[in-house]
Amino acid sequence: MGTGLVWFRNDLRSQDNVSVKKAMDQNEYVLGVYVFDPKMFESDAFGFKKTEKYRAKFLIESVSELRKNLEALNITLLVYSENPEIVIPNLIEEHGIATVFLQKEWTKEEQEVLINVKQEVPKATEWVESYDQFLYHPEDIPFEIANVPNVFTNFRKKCEKYGSIRKPIGVEPLSNKNLLAQTKPIPQLKDLGFDAFETDTRTAFPFRGGENHAIERIQQYFWDTKKLSYYKKTRNGLIGTDYSSKLSAWLANGSISPRTIYEEVKKYEQRIGKNDSTYWLVFELIWRDFFKYISLKHGNDIFKIGGILHKEYDWKSDKDLVDQWIHGKTDEPFVNANMIELMETGWMSNRGRQNVASFFAKEQELDWRIGAAYFESLLLDYDVHSNYGNWMYVAGVGNDPRDRKFNIKSQAERYDPNQKFQNLWLQTTLF
Ligand SMILES: Cc1cc2nc3c(=O)[nH]c(=O)nc-3n(C[C@H](O)[C@H](O)[C@H](O)COP(=O)(O)OP(=O)(O)OC[C@H]3O[C@@H](n4cnc5c(N)ncnc54)[C@H](O)[C@@H]3O)c2cc1C
């Protein structure tokens, strides 16, 4: 029983974290590490910074809270702003680590980093990778990955009928205190190449990153205001904090687990009441799982222009059209308002995302991967599977069996009948 290392990536929580639990069970001492990989802040193939300032700030907040919460479990979180290919092997050597525990990721960039790190460490190092981002664990779904249905309804119905959801794992502090003196502070925005900024007062997402803030949001949205009981009626809203749960950003970096949210919904249903709305939040979490399974099944096809359907369209990549879309200067005010909201806050509602993506891919026939890459850069809640899965879906190269195209004008009339949302974001640019 030596020292185990937990390498945190998109699982920035101390509770209900399988890697933390396994490391604590199997070791006398446990060390945690988070690495701000410079690759996360470089430009991508389309010229966008892979992570823009909004998510960078949220990430810093998340890691800061993780450090405090792990400390309460007698685990030190070491934080570096350097290549993991250097950091992890050094730590393994310095602390005589025999086993590294981490959440299993399967997408290209995450895998590449891990493969490179593994080449730099002693062969005997053990790697314990655990799937820990799902509501339905891969061992608890009623199909092999290769047979995951490509239509959401089939997937959902089978999971609901034959699948099971695990209980969240509670962890107690390690009895051995092995906290190390912190030599490296957590990087700040300027260390990652950003200027400090004020949050736009109009934002629908005024929240901070971190496990405790996720729990606070559940407390507020579920218990204090009972908004969960109205979720199905409000979820297509556009303005303010309460039309939807806003849990996506914490889910994306793993500050909260979907199992914990599910457990809380079940408690709420018992104490306050079950209805269509309480069910619908779980329904949406199953969408989240669905795109993760689609990405597991189809691998790198989710990043390819033909998507998982290998469809050939004549996509354009007109730079002026892309710029107009990004800057909210198209001839569709509803698209513009949503795009300005994204640029000013890092947030956009689900209704907005569907419309701007449909406009981009179906109306302007622009290469959907450029739109997806821009979202990846800006979104506070960027999640590789949800982003590329939804983009493929809207662009007609993914899982939409009906291959729909949004009528932007009628969507604006239906969801923003008094132009309140459009006025909120377009007013300042009118003058
Ligand atoms: C083009 C496009 C790109 C998107 N990119 C992302 C992304 O990078 N990250 C991301 O988390 N979501 C993405 N979504 C899905 C969805 O828009 C957001 O999850 C949702 O708006 C987040 O707000 P919320 O937490 O208040 O959601 P709620 O309505 O409260 O839903 C609860 C949770 O269910 C999940 N969920 C809801 N809708 C979807 C969906 N369509 N697909 C997958 N999961 C869903 C989310 O985890 C969400 O937090 C995208 C949608 C589109 C159309």
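The values are calculated or read from the model by the stated rules, or taken from the named source; none is laboratory data. Owing to the predicted nature of the structure, the values given are computational and were not obtained by experimental measurement. FYI the Cβ positions are ideal-geometry reconstructions off the backbone, even for glycines, and counts take in every protein chain you see. Surface areas here come from the heavy atoms of the whole protein model, side chains and all, with no ligands, DNA or RNA. Shrake-Rupley method; radii C 1.70, N 1.55, O 1.52, S 1.80 Å.
Some observations on this one:
- Cα shape, segment 75-234, gyration tensor, a/c 1.5 rule: oblate
- Student exercise, segment 135-182 dipole from Lys, Arg, Asp, Glu Cβ charges, in Debye to nearest 20: 160
- Most positive-pole-ward Cα, Val18, Leu31, Leu5, against dipole of segment 1-85 from beta carbon charges: Val18
- Counting all C-alpha pairs of segment 132-189, share separated by more than 13 Å (%): 74
- A simple count of charges around Lys274, restricted to other residues whose Cβ falls under 14 Å of its Cβ and scoring Lys, Arg +1 and Asp, Glu -1, yields +2.
- Counted charge near Phe334, where neighbours are those whose Cβ lies closer than 10 Å (Asp, Glu -1; Lys, Arg +1): -1
- Since only Phe303, Phe46, Ala98 are under comparison, the one whose Cα sits farthest along the positive direction of the charge dipole of the chain, derived from C-beta charges on Lys, Arg, Asp and Glu, is Phe303.
- Derived scalar couplings ³J(HN,Hα) [segment 279-290; Karplus, 6.51 cos²θ - 1.76 cosθ + 1.60; whole Hz; x for Gly, Pro]: 5, 5, 5, 5, 3, 5, 5, 6, 4, 4, 4, 3
- Distance violations [Cα-Cα > 23 Å] among Lys190/Lys246; Lys311/Lys405; Lys57/Lys232; Lys104/Lys177; Lys49/Lys104: Lys190/Lys246; Lys57/Lys232; Lys104/Lys177; Lys49/Lys104
- Distance from segment 171-212 to segment 47-112 (C-alpha centre basis), Å: 12
- Met24 accessible area, assembled protein chains, probe 1.4 Å, Å²: 20
- Applying both filters, DSSP loop and at most 15 other Cβ atoms within 10 Å, to the trypsin sites (Lys or Arg not before Pro) of segment 67-150 gives Lys123.
- Here the label points at Thr153 and Lys233, each 7 Å from Cα along the C-beta direction, are separated by 2.6 nm in the simple model.
- The chain, dipole about Cα centre (Lys/Arg Cβ +1, Asp/Glu Cβ -1), debye to the nearest 20: 1480
- Converting phi to 3J(HN,Hα) with the Karplus coefficients 6.51, -1.76 and 1.60 and the offset θ = phi - 60°, segment 190-199 yields 5, 5, 9, x, 10, 8, 5, 8, 8, 6 Hz in sequence order, with x at every glycine or proline.
- Square roots of 5 times each gyration tensor eigenvalue, C-alpha, segment 81-171, largest first, Å: 34, 16, 11
- Whether segment 303-415 is rounded, prolate or oblate, judged on the alpha carbon gyration tensor where a/c under 1.5 counts as rounded: rounded
- Here segment 178-314 yields Rg over Rh of 1.06, to two decimals, using C-alpha coordinates and the Kirkwood radius.
- Other residues whose C-beta falls under 13 angstrom from the C-beta of Lys232 contribute a net charge of +2, scoring Lys and Arg +1 and Asp and Glu -1.
- Chymotrypsin sites (Phe, Trp or Tyr not before Pro) restricted to segment 144-214 and DSSP loop, no more than 12 other C-beta within 10 Å: Phe197
- The overall shape of segment 326-368, judged from the alpha-carbon gyration tensor, is prolate: a/c is not under 1.5, and a/b is greater than b/c.
- Segments 167-179, 46-58 sorted - mean Cβ within 10 Å per residue, highest first: 46-58, 167-179
- Computed with the Debye formula from one identical point scatterer per Cα of the chain, without solvent, the log10 of I(q)/I(0) at q = 0.09, 0.11, 0.13 Å⁻¹ comes to -0.58, -0.88, -1.25.
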